[in-house]
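The values are calculated or read from the model by the stated rules, or taken from the named source; none is laboratory data. These numbers come from a predicted model, not from an experiment. In this analysis, Cβ positions are derived from the backbone assuming ideal geometry, glycine residues included, and neighbour counts consider all displayed protein chains. To get the accessible areas, we keep the full protein, side chains included, count just its heavy atoms, and leave off ligands, DNA and RNA. Shrake-Rupley method; radii C 1.70, N 1.55, O 1.52, S 1.80 Å.
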Amino acid sequence: RFPAAEMAVVSVLVLIVLDIIFGLINALMKHEFSSEKMRDGIAHKCAELGFILVGIVIDATIVGGLDLGFSAPVLVSVCIYLAFMEIGSLLETFALLNPQLANSPLFMLLESTKAIREADDE
């Protein structure tokens with residue numbers, strides 16, 4: 001059984017990989033594949049991985065005995081934040097792949113799917 005922090009990191013990594021895969025599928029399907037966009041996307045994912053590493057370092061510092069003034073599980077909090085970002089990104093991509101999804105109540109919560117809904121109505 002995985003401790004919470006390890007499971008949180010694995011979950012975010014899986015979501016990142018899924019976001020990359022479905023983003024590639026969308027780009028290829030619409031004939032919009034761009035190496036520049038791919039480089040930007042990779043840079044964003046590297047920044048997310050850096051954010052995770054910072055969480056690991058802070059948690060290790062706290063466990064190591066340095067008093068930073070708080071004892072919250074930083075890594076798990078970072079992973080929760082990143083997981084929500086990745087889930088939102090995946091939902092946007094799913095709406096692009098299937099515009100009918102953009103009209104469902106869950107997808108209507110995302111401002112970014114508004115343009116997809118409007119294009120689908122035309």
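Neighbours of L82, meaning other residues whose beta-carbon lies under 14 angstrom from its beta-carbon, give a summed charge of -2 when Lys and Arg score +1 and Asp and Glu score -1. Here the label points at S34 and A60, each 7 Å from Cα along the C-beta direction, are separated by 3.8 nm in the simple model. Loop-located GluC sites (Glu not before Pro) in segment 1-44 (DSSP state not H, G, I, E or B) with no more than 12 neighbouring Cβ atoms inside 10 Å: E32. Ignoring the sites themselves, the chain has its longest run without chymotrypsin sites (Phe, Trp or Tyr not before Pro) in a DSSP loop having at most 13 other Cβ atoms within 10 Å at 71-122. Relative contact order of segment 35-111, taken over Cα pairs closer than 8 Å and 6 or more residues apart, is 22 percent. Note on surface exposure: H31, H44 rank H31, H44 by accessible area, highest first, 1.4 Å probe. Distance from the alpha carbon centroid of segment 62-102 to that of segment 12-29 works out to 16 angstrom. Using only the Cα atoms of segment 7-67, build the gyration tensor, take square roots of its eigenvalues as a ≥ b ≥ c, and label the shape rounded, prolate or oblate: rounded if a/c is under 1.5, else prolate if a/b is larger than b/c, else oblate. Oblate, since a/c reaches 1.5 and b/c is not below a/b. Among the trypsin sites (Lys or Arg not before Pro) in segment 1-71, those placed in a DSSP loop whose Cβ has at most 15 other Cβ atoms within 10 Å are R1, K30. For the chain, what is the mean residue ellipticity at 222 nm derived from helices alone (per DSSP H run of n ≥ 4: -39500 (n - 2.57); sum divided by total residues; nearest 500 deg cm²/dmol)? Helices in the chain give a 222 nm mean residue ellipticity of -25500 deg cm²/dmol.
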